[in-house]
Amino acid sequence: MNAQLKTGDLVDGIAVVVGDEIILESDIEEQANYAQQQGATVADKCEFVESIINNKLLIYEAKRDTLIENRSAAIKENAAQKYTQILGQFPDEKTMLSAYKFRTSYEMKNAIEKIDADNYYGQMKFGRITEKADVTPNEVTDFFNTYKYQLPEVKDEVSLSQITMYPKLTDAHKDEIIARLNKIKQDILGGESFESQARIYSEDPGSAANGGLYKNVAKGKMVKPFEAAALNLQEGELSEPVESEFGYHLIQLVKKSGKMYDARHILLNAEPNADEIASAKKELDSIRTLILDGKLTFKEAAYRFSDDKRTKFNAGIITSEDGSDKMEKLNLPPTISYQIAGHNKGDITDVFQDTIAQDRKVVTIIKIDDVIAAHQLDIATDYDRIKQMALNKKKNEMVEKWVKEKLPNVFISINNRYKDCTFKTDWRKNTDGK
């Protein structure tokens, strides 16, 4: 079909064709709406379309690159989970679909899957093109001298460490949860369907509405107690109550083939009561006292007592999404902002209660490792940050060069409705035969 197409001579609804990748006008609208709802600012239409074309070229080449793994099945499953997470931020499904400008849940799940697939293949190809990129100290200095008046100001920042503990349930409380799960198990054995019981009782937001089902689970993906119990079952068999860091599970193995399996579960959260939270606060307060008295370093205490796996092996240091230990004060979660207010470098907060992912109650202390006032970037104090900016610029230049080299060999056609756009890359010459 592509051979008969001329530039701008596209079927209605198709905005751009890149190789055998088609970008629909509706794809552009969906991506713009989705990006805005996720907090991104969408530039003018021409810039936005160009960024999508750029990414589609990376995607087209990524799918032909045998070293890039095909992750379609995992992306589809993650899209369903992401849909559920987004739904949790709205009072109901109708409000969410209206905010994201979708007519049905199927449309929105489909769009999330397409966007996530495009992001995955685009990022993987970007990584393959730029994997050998590096910058020398001289290049960092040159970059700083050239762009120092254009570099952004650093906002007020802090470096923080934490010790987070999960309140422990009493044996009596554990027995009560296990008894509830055993009652549900007896009802299933007596004829109730696992799916209906999961919808009624399961406290796992990622699977309850789906009858507790997780499909195409790769070995190693679930927490160890869950996986060990699931893989020890025969197909259709029910487990005994299984304890994990999320609570107590009743598991049914649906299907097992090779390294993949399908399983249903009903989760009852192990939610601590007021007495159990008070007991955890008391324990953490005594650890805080040992640190303040110099009998234990914060690093040692984090390693020995913290239940937060992301930070306990790293001296308790909290890192931002980009891996930096410096975080803008404005972007901190409200509870943490409130707790560190009025504290200085070296201080440790009092023990406080917090709620983390999946509404889990925890008790925490935070140490203020550093306080960095807002300032202009300077090579003496911000070398690593400037180096990262210089490296990112180099990577983008490498990809631009790669794109220009690929252009003559890839069919690209852009609908005439974008004929007035001034693109940074001259996509059209490729198909105009110039």
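Here's the yes/no breakdown for (1) hydroxyl-bearing (Ser, Thr, Tyr); (2) open to solvent by 70 Å² or more (accessible area, probe 1.4 Å); (3) under 30 Å from ASP384 (Cα atoms):
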{"site": "LEU57", "(1), (2), (3)": "no, no, no"}
{"site": "ASN70", "(1), (2), (3)": "no, yes, no"}
{"site": "ALA79", "(1), (2), (3)": "no, no, no"}
{"site": "THR95", "(1), (2), (3)": "yes, no, no"}
{"site": "LYS101", "(1), (2), (3)": "no, yes, no"}
{"site": "TYR106", "(1), (2), (3)": "yes, yes, no"}
{"site": "MET124", "(1), (2), (3)": "no, yes, yes"}
{"site": "ARG128", "(1), (2), (3)": "no, yes, yes"}
{"site": "LYS132", "(1), (2), (3)": "no, yes, yes"}
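Of the candidates ARG103, ARG64, the single residue that is modelled with pLDDT of 90 or more, of a type in the set (D, E, K, R), farther than 30 Å from ASN396 by Cα and in a loop (DSSP other than H, G, I, E, B) is ARG103.
When ARG310 is tested against (1) out of contact with any His (no Cβ under 6 Å at 6 or more places or on another chain); (2) open to solvent by less than 70 Å² (accessible area, probe 1.4 Å), exactly one condition is not met: (2). Just one residue in the set VAL363, VAL371 is touching a helix residue (DSSP H, G or I) at 6+ places or on another chain (Cβ under 6 Å) and in a strand (DSSP E or B); that residue is VAL363. Would you confirm whether any residue within segment 191-208 is open to solvent by 40 Å² or more (accessible area, probe 1.4 Å), part of a helix (DSSP H, G or I) and in contact with a helix residue (DSSP H, G or I) (Cβ under 8 Å, 6 or more places away or on another chain)? Checking segment 191-208: at least one residue is open to solvent by 40 Å² or more (accessible area, probe 1.4 Å), part of a helix (DSSP H, G or I) and in contact with a helix residue (DSSP H, G or I) (Cβ under 8 Å, 6 or more places away or on another chain).
Specify which of the listed residues (LYS361, LYS345, LYS406, LYS395) is modelled with pLDDT of 95 or more, surrounded by 13 or more Cβ atoms within 10 Å (Cβ to Cβ) and of a type in the set (D, E, K, R). Sole residue among the options that is modelled with pLDDT of 95 or more, surrounded by 13 or more Cβ atoms within 10 Å (Cβ to Cβ) and of a type in the set (D, E, K, R): LYS395. Residues that are polar (S, T, N, Q), part of a strand (DSSP E or B) and surrounded by fewer than 21 Cβ atoms within 10 Å (Cβ to Cβ) within segment 231-271 comprise SER244, SER257, ASN269, listed in sequence order.
Every condition in (1) part of a helix (DSSP H, G or I); (2) out of contact with any Leu (no Cβ under 9 Å at 6 or more places or on another chain) holds for ASN70 except the one numbered (1).
Residues in segment 325-379 that are closer than 28 Å to GLY294 by Cα and either in contact with a Cys (Cβ under 7 Å, 6 or more places away or on another chain) or among the small types (Gly, Ala, Ser) (or both): SER337, ALA341, GLY342, GLY346. State yes or no: is LYS281 charged (D, E, K, R) and either at pLDDT below 95 or touching a Lys or Arg at 6+ places or on another chain (Cβ under 7 Å) (or both)? For LYS281, the condition - charged (D, E, K, R) and either at pLDDT below 95 or touching a Lys or Arg at 6+ places or on another chain (Cβ under 7 Å) (or both) - is not met.
In segment 286-307, the qualifying residues are those that are of a type in the set (D, E, K, R) and in a helix (DSSP H, G or I), and the one that is surrounded by the fewest Cβ atoms within 10 Å (Cβ to Cβ) is ARG304.
Evaluate segment 374-386: report whether one residue or more is within 30 Å of TYR338 (Cα to Cα), assigned to a helix (DSSP H, G or I) and open to solvent by 30 Å² or more (accessible area, probe 1.4 Å). Checked against the condition, which is being within 30 Å of TYR338 (Cα to Cα), assigned to a helix (DSSP H, G or I) and open to solvent by 30 Å² or more (accessible area, probe 1.4 Å), segment 374-386 yields at least one hit. Only a single item in (1) touching a residue at least 40 places away in the same chain (Cβ under 8 Å); (2) more than 19 Å from PRO152 (Cβ to Cβ) is not met by GLU328, and it is number (2).
Please verify whether VAL217 is under 30 Å from THR364 (Cβ atoms), in a strand (DSSP E or B) and within 25 Å of the chain's Cα centre (by Cα), treating the condition exactly as stated. Criteria not met by VAL217. Scanning segment 272-285 for any residue that is part of a loop (DSSP other than H, G, I, E, B), open to solvent by 80 Å² or more (accessible area, probe 1.4 Å), in contact (Cβ under 8 Å) with a residue 40 or more places away in the chain and not polar (S, T, N, Q) turns up nothing.
The values are calculated or read from the model by the stated rules, or taken from the named source; none is laboratory data. As the structure is a prediction and not an experimental result, all values here were calculated from the model. Glycine also receives a Cβ, built like all others from the backbone with ideal geometry; neighbour counts cover every protein chain displayed. For accessibility, only protein heavy atoms count, side chains too; no ligands or nucleic acids. Shrake-Rupley method; radii C 1.70, N 1.55, O 1.52, S 1.80 Å.
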